[in-house]
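Laboratory data are not the source of any read-out in this text; all were calculated from the coordinates shown. On a predicted model such as this, the values are computed, not experimentally measured, just so you know. Counting neighbours? That spans all protein chains shown, and the Cβs are built from the backbone with ideal geometry, glycine included.
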C-alpha cells in the first residue's frame, strides 16, 4: 500500500471492508508509522526492519492518542512516539525489548515502594499465622489481645468498653519508621499505665520484627538495632521470675477455702494443685480424656502432643462428683466456649478468705513440684507427671517410666498433701 500523509480526516474515513480482518494506512511523513484498522478499532502502529526481520509495535488506540503534538505542548502523540522508536531502530535496539525492560523496572519500583510502605499491621497477622501451629492457644490469644483496637463492650460491664492493646498505636506505622526513638517513646508512654503488659508486648514485637528480617520481602525494612538499642531496653520494665508457692502449713487453710467455692472451680483448683498441670491444659480437659477404669488422665501437652498421667484416688472422687453438662470436664453455662475461662477470680477469693498471700494459678503448679520433695520423690518422676521437657541426656533418652511407677509416687504425693491439709488421717 502506498504511503500518504496521515491526517485526521483520512484516519476518520478509514474503514475495514467486510470480509477482511484488517487494513493499514501508512504515513509518508514518519517512516514506519501507520494506522491499523479492524472492524472494532483503529490503532497507531510502528513497523520497521531490524536485523533482517520486520517488527511491529503498537503505539496506542485512536483517537485516545493524538496524531501530532500541539505546538508548545509536551503531550505524547503517534508521530512523536514513532520518531522515538525509529531512533531505537537506528541504534540497533529492539523497541519491544526496551519496553519490556522499562515495564520490569517500573514493576520493580512499584514492588519496592509497596515493600517500603509495609506497616506493622500488614505483617503482624502474617507472622501469627506462620507460627500459630507451634503456639498454644493462650500464647496465640495473647498476640491477638496485644493488637486489639478496643472500643468493644466489656463482658462484665454494660458501661465500660475495652481499651486498645499496647501494640495498637504502632500498627499503622511503616516498618521502616519503627526506629529506636519511636520505640523508646512508645514504651515510655505505655509504661505509665501498664508496664508489665508493655514489657510482654515489647518482647513479642521484637520476635515479630526478627521474623520479618528473615523474610526476603520484609528484610532490611526495620532500622538496624531499633529494638536492641540501649535507650529502648532501659525503658522496658524488668520481668522478675515468680516464686509464689504454697508452703506445707498453708495447705490446710487453702483446701478449706477452695472447698467453699462453687463445685466446678473447687474441683478445678484442687486438681490443678494435685496434678501440677498447666492451667490451660487442665481447663481443656474433656470427659473422653479420663479413663476411670484404668485410672489415667490424657493431657494435651504443650511440649509433646500429649502425656498420660495417673488418676489418683482423691482426684478421681473429685472428678466423679462433677455433673456431665457437655464434653468439657470443667464446664460453664455462661462461657461461649462451654468451659471455664478464668478461674483466677475464684482462686483470689479463696486466698483472701484464708488470709493467704497471693498465689497465681501457675504458682499451684510450682507448689506441686516443690511440695513433692517432702516425700523424696525423684525429680524425673515429677517432671514426667508435670510435662517438663527432660533437662538431662539420661532423662531424655534413657528414662521413660511406666504409668504404674508414676502412680506409685503420685499417690504418695497426694496422700501427703491431704494429710497436711487434715483431709485424711
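Pairs of Cα atoms under 8 Å, at least six residues apart: use those to get the relative contact order of the chain, whole percent. Write down the numbers at each step before the final one.
Working: 523 pairs, mean separation 41.7, N = 425.
Computed over the chain, the figure is 10 percent.
How big is the stretch 1-62 by Rg and Dmax over its Cα atoms, in Å?
For the stretch 1-62, the Cα-based Rg and Dmax read 11.7, 35 Å.
Multiply the residue gap between residue 28 and residue 349 by 0.36 nm, knock off their C-alpha separation, and tell me the result in nm, one decimal place.
Length gained between residue 28 and residue 349: 105.9 nm.
Of all alpha-carbon pairs in the stretch 248-420, indicate the percentage at a distance above 24 angstrom. Spell out each step's value before the answer.
Values: 5017 of 14878 pairs.
In whole percent, the long-distance tail amounts to 34.
Quick one: if the Förster radius is 45 Å, what FRET efficiency do residue 316 and residue 152 give, using the C-beta to C-beta distance and rounding to 0.05?
For R0 = 45 Å, the calculated efficiency reads 0.60.
Just to be sure I understand: with springs between alpha-carbon atoms less than 10 Å apart, which residue in 334, 119, 141 has the highest mean-square fluctuation in the Gaussian network model of the chain?
Answer for the Gaussian network model of the chain: 334.
Considering Cα pairs under 8 angstrom that are at least six residues apart, work out the relative contact order of the stretch 8-113 and quote it in whole percent. Don't skip to the answer; put the middle values down first.
Working: 135 pairs, mean separation 17.7, N = 106.
Value for the stretch 8-113: 17 percent.
With each pseudo-label sitting 7 Å past Cα toward Cβ, what's the residue 229-residue 21 distance in nm, one decimal?
Inter-label distance under the simple model: 6.4 nm.
Taking 0.36 nm per residue of sequence separation and subtracting the Cα-Cα distance, how much length would be gained by fully extending the chain between residue 213 and residue 121, in nm to one decimal?
On the way: separation 92, 0.36 × 92 = 33.12 nm, distance 1.57 nm.
That works out to 31.6 nm of additional length.
Using R₀ = 25 Å, calculate the FRET efficiency as 1/(1 + (r/R₀)^6) where r is the Cβ-Cβ separation of residue 73 and residue 40; round to 0.05.
On the way: r = 29 Å, r/R0 = 1.17.
According to the calculation, E is roughly 0.30.
Grab the DSSP H runs of the chain that are 4 residues or longer, score each as -39,500 (n - 2.57), total them, divide by all residues and round the 222 nm result to the nearest 500 deg cm²/dmol.
-13000 deg cm²/dmol
Please state, as a whole number in µm²/s, the translational diffusion coefficient that the Stokes-Einstein equation yields for the stretch 120-233 at 4 °C and 1.567 mPa s, with Rh defined as the Kirkwood radius across alpha carbon pairs.
87
Express the C-alpha Rg of the chain as a ratio against the empirical globular expectation 2.2 N^0.38 Å, rounded to two decimals.
1.68
Helix 344-353 against the longest principal axis of the chain: what's the angle in degrees, Cα atoms only, rounded to the nearest 10?
The two axes meet at around 30 degrees.
On a 0 to 90 degree scale, rounded to 10, what angle separates helix 95-116 from the longest Cα axis of the chain?
30
First measure r as the distance between the Cβ atoms of residue 130 and residue 58, then evaluate 1/(1 + (r/R0)^6) with R0 = 56 Å and state the FRET efficiency to the nearest 0.05.
0.85
Counting only C-alpha contacts under 8 Å and six or more residues apart, can you give the relative contact order of the stretch 151-268 as a whole percent?
Details: 82 pairs, mean separation 31.0, N = 118.
It rounds to 26 percent for the stretch 151-268.
Sort out for me the Cα centre separation of the stretch 121-180 from the stretch 321-385, rounded to whole Å.
Value for the Cα centre distance between the two parts: 28 Å.
What nm value, rounded to one decimal, do you get for the distance between residue 252 and residue 326 when each label is placed 7 Å out toward the C-beta?
Placing both labels 7 Å beyond Cα along the Cβ direction yields 4.0 nm.
On a 0 to 90 degree scale, rounded to 10, what angle separates helix 263-275 from the longest Cα axis of the chain?
Approximately 90 degrees, to the nearest ten.
Under a plain spin-label model, where a point goes 7 Å from the Cα along Cα-to-Cβ, how far apart in nm are residue 260 and residue 176?
In this crude label model, residue 260 to residue 176 measures out at 6.3 nm.
What is the extension gain from residue 404 to residue 422, computed as 0.36 nm multiplied by their sequence separation minus the C-alpha to C-alpha distance, in nm to one decimal?
Full-extension gain reported as 3.8 nm.
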